[in-house]
Structures are given as structure tokens and as C-alpha cells.
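Okay, so here's the structure we're looking at.
Derivation of every value follows stated rules applied to the coordinates shown; laboratory data play no part. For clarity, every value in this text was computed on a predicted model and none was experimentally measured. Here the Cβ positions follow ideal geometry from the backbone for every residue, glycine too, while neighbour counts run over all protein chains shown.
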Amino acid sequence: MDRTSKPKSVKLSYKEQRELEQLPQLLEELETKITVLQAEIADPAFFQQAHDITDAKLKALADTEAELETAFLRWEELEEKKNLAEGKA
């Protein structure tokens, strides 16, 4: 029997199911962190601090935004896979 003709399973693995369950909390935590960093950066005194402090916060914001985007894309991917497995797509 040719293995390539076998339909691929779209069911979530145990690891993927656990990841899908944990992603909403991670997304919320990242959004909260972004909100806090944005509030700090919006403070008029922010840029009066030492350059290394402002750079670190700006980098943390950019990194957190990138992490949020990656986590959101992963959540979408797993949700789609889950819906396919359940026949909802």
C-alpha cells in the first residue's frame, strides 16, 4: 500500500490540545504586558530617562508585540485544525 495516498489525520495531538487550551491565557498576558509597556512609554518623562533604559523598554515592547503575533497565528492554526477534525470547516 502506498503511504502517500493515505489521508492525513487532522486531529489535534495531546500536546497541541494542551497548547490550544493554554494559548488564550498567554495571549491575555501578552496583551496586558503590551498595555503596561505602552503606558510607560506614553509617559512624558519616559524619554528623559537614560538611553539604555528607554531602549530596553522599546525593545521589550517590540519583542512582546512579535510574540503576541506569533502566539495569535499559532492559536488560529490550532483552532482551524481542531475545527477540521470536528468537521466544522
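Relative to the longest principal Cα axis of the chain, at what angle does helix 51-85 sit, 0 to 90 degrees, rounded to 10?
Orientation of helix 51-85: about 20 degrees from the principal axis.
Compute the distance in nm between two label points, each set 7 Å from the Cα along the Cα-to-Cβ direction, one at Asn83 and one at Lys15.
About 2.5 nm separates the two model spin labels.
Could you point to the label whose value was computed as Rg/Rh (Cα atoms, Kirkwood Rh) for the structure here, given (1) 1.25; (2) 0.97; (3) 1.21?
Comparing each candidate, only (1) matches the computed number.
With each run of n ≥ 4 DSSP H residues scored as -39500 (n - 2.57), what mean residue ellipticity at 222 nm is computed for the chain after dividing by its residue count and rounding to the nearest 500 deg cm²/dmol?
Per the formula, -26000 deg cm²/dmol.
Apply the Karplus curve 6.51 cos²θ - 1.76 cosθ + 1.60, θ = phi - 60°, to the phi angles in the range 22-33 and return the couplings in whole Hz, x for Gly and Pro.
For the range 22-33, the Karplus-derived couplings read 8, 4, x, 5, 4, 4, 5, 4, 5, 4, 5, 4 Hz, x marking Gly and Pro.
In units of 2.2 N^0.38 Å, what is the alpha-carbon radius of gyration of the range 41-87?
It is 1.89.
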